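**Student:** Sharing a structure below in structure tokens format, with a few things to ask.
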Amino acid sequence: MRISAFFAPFFTILAGIAGFYLRSSEILNVFDPVTGLPGRNAETTFWLIILSIIFMTAIIVFAVNASLKHKALKGFENAFGTDPLFYPIIFTLMGITWIVGTYMYFMYLNRINAFTPNDIYFILFSTVTAISVAFFAIQIYQDSRKKTTYILSVVPTVFMCFWLITMYRHNASNPVLLSYVYQCIAIIASALSFYFTSGFLYGKPAPGKSIVSYYAAIYFCAVTLADNHPPGIKLIFFTLIIANIVQSSMLLRNLQHR
């Protein structure tokens, strides 16, 4: 699967770029600048939906085929096996980038004076999650049997669920589902990617489901980057893209023939 470890992320990135382009065009040309309502029968919206369906179908077929012919080695370190310096360094850098994105979002809210209790909870929880991602990557190659390692592995999943709830509450009165549906899917896919990743630590590997969630997260986070989010939130989505590219490549490289 070493060849697939390169080509599958490459294909996903290309699909994400195409989705980003279509979403950018959709936001500029389909949504009314005054009412925020989308135009009816917009070609851009149609093609973005078609692209998303084709991409997800291709990824599901690829994941099913990979899981039928290959299996993951037991243990997180074996399933994602690599140099013990690579994983901690990469994810520590991602954790720092995530914290920077959270701080940028904090400064954005401070500048427009738009803090709510949910925003404060989000900022605090996001910071804790970024730290847990970095410490998990360090701890997993030192002693994966420590209880703190198991706790750290589930923090990102819980945060993503919290983010999904916060996003829904923020858009509860928004009748235009199309304006936030891709963000919603991106967060769900990211939550699943962290969830299935932690499964390798808990002795319940699911390589097929992991592959689908990784590439779905990459694609939909890329599409979401075109939305009108504050720069800090976009940086967090970008960090999630990189995290899932690294995780998927590491997993595919180490799958073994049945």
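**Student:** Any idea which of 127, 166, 149 is surrounded by 19 or more Cβ atoms within 10 Å (Cβ to Cβ), among the hydroxyl-bearing types (Ser, Thr, Tyr) and outside any loop (DSSP other than H, G, I, E, B)? Show your work before the answer.
**Tutor:** Details: 127 fails: surrounded by 19 or more Cβ atoms within 10 Å (Cβ to Cβ); 166 fails: surrounded by 19 or more Cβ atoms within 10 Å (Cβ to Cβ).
Of the residues listed, the single one that is surrounded by 19 or more Cβ atoms within 10 Å (Cβ to Cβ), among the hydroxyl-bearing types (Ser, Thr, Tyr) and outside any loop (DSSP other than H, G, I, E, B) is 149.
**Student:** Right, something else. Condition first: among the β-branched types (Val, Ile, Thr) and over 17 Å from the mean Cα position of the chain (by Cα). Now tell me which residues in the range 129-145 satisfy that.
**Tutor:** 138, 140
**Student:** Also, quick follow-up: Determine, yes or no, whether residue 184 is free of Cβ contacts under 8 Å to residues at least 24 places away in the same chain and within 22 Å of residue 211 (Cβ to Cβ).
**Tutor:** Yes: the conditions hold for residue 184.
**Student:** For the range 131-160, which positions are free of Cβ contacts under 8 Å to residues at least 40 places away in the same chain and aliphatic (A, V, I, L, M)?
**Tutor:** Of everything in the range 131-160, those that are free of Cβ contacts under 8 Å to residues at least 40 places away in the same chain and aliphatic (A, V, I, L, M) turn out to be 131, 151, 152, 155, 158, 160.
**Student:** Additional query: Of the residues 215, 219, 195, which single one is in contact with a Gly (Cβ under 8 Å, 6 or more places away or on another chain), part of a helix (DSSP H, G or I) and crowded, with 20+ Cβ neighbours inside 10 Å?
**Tutor:** Going through 215, 219, 195 in turn, the sole match is 219.
**Student:** From the list 100, 61, exactly one residue is at pLDDT 85 or above, out of contact with any Cys (no Cβ under 7 Å at 6 or more places or on another chain), assigned to a helix (DSSP H, G or I) and closer than 15 Å to residue 239 by Cα. Which is it?
**Tutor:** Within the list 100, 61, the selection yields 100.
**Student:** Mind listing just one residue for me: the one in the range 173-192 that is among the hydroxyl-bearing types (Ser, Thr, Tyr) and out of contact with any Pro (no Cβ under 9 Å at 6 or more places or on another chain) and, of those, surrounded by the fewest Cβ atoms within 10 Å (Cβ to Cβ)? Spell out the reasoning first.
**Tutor:** From the range 173-192, those among the hydroxyl-bearing types (Ser, Thr, Tyr) are 173, 179-180, 182, 190; that's our starting set.
Filter once more, keeping what is out of contact with any Pro (no Cβ under 9 Å at 6 or more places or on another chain): 173, 180, 182.
Numbers: 173: 6, 180: 16, 182: 23.
Residue satisfying both the conditions and the ranking: 173.
**Student:** For residues in the range 64-75 being in a helix (DSSP H, G or I) and within 20 Å of residue 9 (Cβ to Cβ), which is modelled with the lowest pLDDT?
**Tutor:** 69
Rundown of residues vs (1) over 14 Å from residue 178 (Cβ atoms); (2) touching a Pro at 6+ places or on another chain (Cβ under 7 Å); (3) at pLDDT 95 or above, yes/no style:
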| position | (1), (2), (3) |
| --- | --- |
| 8 | yes, no, no |
| 27 | no, no, no |
| 31 | no, yes, no |
| 37 | no, no, no |
| 40 | no, no, no |
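**Student:** Here is a list of conditions, (1) in contact (Cβ under 8 Å) with a residue 60 or more places away in the chain; (2) aliphatic (A, V, I, L, M); (3) over 24 Å from residue 222 (Cβ atoms), and residue 60 meets all of them except one; can you say which number that is?
**Tutor:** Among (1) in contact (Cβ under 8 Å) with a residue 60 or more places away in the chain; (2) aliphatic (A, V, I, L, M); (3) over 24 Å from residue 222 (Cβ atoms), residue 60 violates only (3).
**Student:** State yes or no: is residue 137 modelled with pLDDT of 95 or more and closer than 24 Å to residue 12 by Cβ?
**Tutor:** no
**Student:** Have a look at 235, 225, 192 and point out the one that is in contact with a helix residue (DSSP H, G or I) (Cβ under 6 Å, 6 or more places away or on another chain) and over 30 Å from residue 111 (Cβ atoms).
**Tutor:** Just one listed residue meets the conditions, 192.
The values are calculated or read from the model by the stated rules, or taken from the named source; none is laboratory data. What you see is a predicted model, and the numbers here were worked out from it, not measured in a lab. Note: ideal-geometry Cβ built from the backbone for every residue, glycine included; neighbour counts use all protein chains shown.
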